[in-house]
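Coordinate-derived values only; no laboratory data. Since the structure is predicted, the reported quantities are computational estimates derived from the model, not experimental observations. No Cβ is skipped: glycine too gets one built from the backbone with ideal geometry, and neighbour counts run over all protein chains shown.
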Amino acid sequence: VQLQASGGGLVQAGGSLRLSCAASGRTDSTYAMSWFRQAPGKEREFVAAISKSGVSTDYVDSVKGRFTISRDNAKNTVYLQMNSLKPEDTAVYYCAAAPRRYIAYNAYEYNYWGQGTLVTVSS
C-alpha cells in the first residue's frame, strides 16, 4: 500500500485546512487509518484515527472539537478537516494505515506511512 498525503500549507491562527491521504496498491484489504504529527524537536504523536468502516473515530484531546477525520472508501482516501487552527498545531502530518478493522493508537501498529505534509500555523 502506498499513501500520498497532501493539503498542508501556511495558515493563520483560527484558519482551516483539509488534509487528504490517497491510498494505492493493495487497497482491497482491511485498513484502519490515522493521522499522526511531529513538531520540530518533538516525538511523533497520534492525532486522529478512523476504523475501516468509518463508524468509529477518535482524537487526541488537544484537537477534539476542532479536527474531524473521515474517509471515502470508494476513493481510497482519508481526510483530516482541521478548523480553529492554533500555532501549536504546527507540525508535519503523516497518514498511516494499519491492517486491522478497528482503531489503533500506537505508531508501531501501522504498517504503511505517507511522506508527510507540513502544516504551519502563524500567530
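So which GluC sites (Glu not before Pro) in region 2-101 are both in a DSSP loop and have at most 11 other Cβ atoms within 10 Å of their Cβ? Don't jump to the answer; show the numbers that get you there.
On the way: sites: Glu43, Glu45, Glu88; in loops: Glu43.
Here the GluC sites (Glu not before Pro) that fit, given the DSSP loop and packing criteria, are Glu43.
How much of the pair distance distribution for region 36-94 lies past 14 Å, counting alpha-carbon pairs only, in percent?
In whole percent, the share of Cα-Cα pairs in region 36-94 beyond 14 Å is 57.
DSSP loop (so not H, G, I, E, B), at most 16 other Cβ within 10 Å: list which chymotrypsin sites (Phe, Trp or Tyr not before Pro) in region 47-123 pass both filters. Working shown, then result.
On the way: sites: Tyr59, Phe67, Tyr79, Tyr93, Tyr94, Tyr102, Tyr105, Tyr108, Tyr110, Tyr112, Trp113; in loops: Tyr102, Tyr105, Tyr110.
Passing both the DSSP loop test and the Cβ count: Tyr102, Tyr105.
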Got a sec to turn the phi values of region 52-62 into Karplus ³J(HN,Hα) couplings, 6.51 cos²θ - 1.76 cosθ + 1.60 with θ = phi - 60°, whole Hz, x for Gly and Pro? 4, 6, x, 6, 9, 9, 7, 9, 5, 4, 5
Report the dimensions of region 1-102 along its three principal axes from the alpha-carbon atoms, largest first, rounded to Å. 38, 24, 23
Net length gained if the chain between Arg44 and Gln2 were fully extended (0.36 nm per residue, minus Cα distance): 13.1 nm
How far is it, in nm, from the label point at Thr27 to the one at Arg100 when both lie 7 Å from their Cα along the line to the Cβ? 2.3 nm
Cα-based count: Lys pairs in the chain below 27 Å, eight or more positions apart or different chains? 6
